[in-house]
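Heads up: the structure comes next, in structure tokens.
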Amino acid sequence: MPTVSAKYNEECYTDIKRCEPNTYANMTVQHCMPCLPLYLSIPDRTACIACEDCPPGTYCNYTTGSCELCHELCKTCITFEQCTSCFAGTFLLFYKCLSKCNFPYFEDDVNNLCTVECNPDYFTQVINDDRKCVAICFAPL
């Protein structure tokens, strides 16, 4: 079984077994210790972090006891496929990031989401099947 290596007081310890999810390698006592409630172990199991401290692009998975990657289209998420924000050029609708918003929704490029009405500071632009919220109103050519 693989072992955990960590530096503690300038010495390297490799004699404790790899820790299980929701535990971390405590080098002071040289064995795995449980994370506090609502905390998760980081992937290398050397520390625990609060769920809200999972890095961007990951979500808090209590089943595995770690921060897991979001789907590649999600900027942030609450589960693998339930996005809470999207990257530029994609739009959030019902926890999914879409390349295009379909009727009756407008594409909001500022917030990267599909919306039924634009922010009052924006204009609605409808050209063919494209419905967008735009900051500047352009006349079609």
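Please find, among K75, K7, the residue that is modelled with pLDDT of 75 or more, in a strand (DSSP E or B) and of a type in the set (K, R).
Residue meeting the stated conditions: K75.
Tell me whether the stretch 20-28 contains one or more residues that are assigned to a loop (DSSP other than H, G, I, E, B), at pLDDT below 80 and closer than 25 Å to L69 by Cβ. Don't jump to the end; show me each part of the working.
The first filter runs over the stretch 20-28 and keeps only residues assigned to a loop (DSSP other than H, G, I, E, B), leaving 20-22, 27-28.
This time we only want the ones that are at pLDDT below 80, so: 21, 27-28.
Those left that are additionally closer than 25 Å to L69 by Cβ: 21.
Yes, some residue in the stretch 20-28 is assigned to a loop (DSSP other than H, G, I, E, B), at pLDDT below 80 and closer than 25 Å to L69 by Cβ.
Among the listed residues C114, C67, C97, identify the single one that is at pLDDT below 90 and not in a loop (DSSP other than H, G, I, E, B).
On the way: C114 fails: at pLDDT below 90; C97 fails: at pLDDT below 90.
None of the others qualify; the one that does is C67.
Is it the case that the stretch 123-138 has a residue that's over 18 Å from C74 (Cβ atoms), among the acidic types (D, E) and either in contact with a His (Cβ under 9 Å, 6 or more places away or on another chain) or at pLDDT below 95 (or both)? Steps first, please.
Restricting attention to the stretch 123-138, the residues satisfying the condition of being over 18 Å from C74 (Cβ atoms) are 123-138.
Among the residues that remain, those that are also among the acidic types (D, E) are: 129-130.
The next check asks that each one be either in contact with a His (Cβ under 9 Å, 6 or more places away or on another chain) or at pLDDT below 95 (or both); those that pass are 129-130.
Yes: one or more hits.
Filter the stretch 82-95 down to the residues that are farther than 12 Å from V110 by Cα, in contact (Cβ under 8 Å) with a residue 12 or more places away in the chain and of a type in the set (F, W, Y) and list them by number.
Y95
Would you call P104 modelled with pLDDT of 90 or more, out of contact with any Phe, Trp or Tyr (no Cβ under 9 Å at 6 or more places or on another chain) and on the phi < 0 side of the Ramachandran plot?
Working: modelled with pLDDT of 90 or more: yes; out of contact with any Phe, Trp or Tyr (no Cβ under 9 Å at 6 or more places or on another chain): yes; on the phi < 0 side of the Ramachandran plot: yes.
So P104 fits the description; yes.
State whether one or more residues within the stretch 67-81 are within 17 Å of the chain's Cα centre (by Cα), free of Cβ contacts under 8 Å to residues at least 12 places away in the same chain and within 30 Å of C35 (Cβ to Cβ). Talk me through it step by step, then tell me what you get.
First, the residues of the stretch 67-81 that are within 17 Å of the chain's Cα centre (by Cα): 67-81.
Keeping just the survivors that are free of Cβ contacts under 8 Å to residues at least 12 places away in the same chain gives 72.
Still in the running and within 30 Å of C35 (Cβ to Cβ): 72.
Looking through the stretch 67-81, at least one residue is within 17 Å of the chain's Cα centre (by Cα), free of Cβ contacts under 8 Å to residues at least 12 places away in the same chain and within 30 Å of C35 (Cβ to Cβ).
Can you find even one residue in the stretch 43-51 that is buried (at least 17 other Cβ atoms within 10 Å of the Cβ), farther than 23 Å from C19 by Cβ and either in contact with a helix residue (DSSP H, G or I) (Cβ under 9 Å, 6 or more places away or on another chain) or in contact (Cβ under 8 Å) with a residue 12 or more places away in the chain (or both)?
Looking for residues that are buried (at least 17 other Cβ atoms within 10 Å of the Cβ), farther than 23 Å from C19 by Cβ and either in contact with a helix residue (DSSP H, G or I) (Cβ under 9 Å, 6 or more places away or on another chain) or in contact (Cβ under 8 Å) with a residue 12 or more places away in the chain (or both), one finds none in the stretch 43-51, hence no.
Residues of the stretch 32-46 being at pLDDT below 85 and either over 20 Å from T63 (Cβ atoms) or not aliphatic (A, V, I, L, M) (or both), which ones?
Result: P37, S41, P43, D44, R45, T46.
From T84, T79, T90, which residue is within 16 Å of D130 (Cβ to Cβ) and of a type in the set (S, T, N, Q)? If you could, list the steps in order and put the result at the bottom.
Values: T84 fails: within 16 Å of D130 (Cβ to Cβ); T79 fails: within 16 Å of D130 (Cβ to Cβ).
That would be T90, the only listed residue that is within 16 Å of D130 (Cβ to Cβ) and of a type in the set (S, T, N, Q).
Filtering the stretch 52-64 down to residues that are touching a Cys at 6+ places or on another chain (Cβ under 6 Å) and in a strand (DSSP E or B), which residue is surrounded by the fewest Cβ atoms within 10 Å (Cβ to Cβ)? Give the steps one after another, and end with the answer.
Here is the first cut: in the stretch 52-64, the residues touching a Cys at 6+ places or on another chain (Cβ under 6 Å) are 54, 57-60.
Keeping just the survivors that are in a strand (DSSP E or B) gives 58-60.
Values: T58: 16, Y59: 20, C60: 20.
Filtering first and then ranking leaves T58.
The values are calculated or read from the model by the stated rules, or taken from the named source; none is laboratory data. Keep in mind it's a predicted model, so treat the numbers as computed, not measured. FYI the Cβ positions are ideal-geometry reconstructions off the backbone, even for glycines, and counts take in every protein chain you see.
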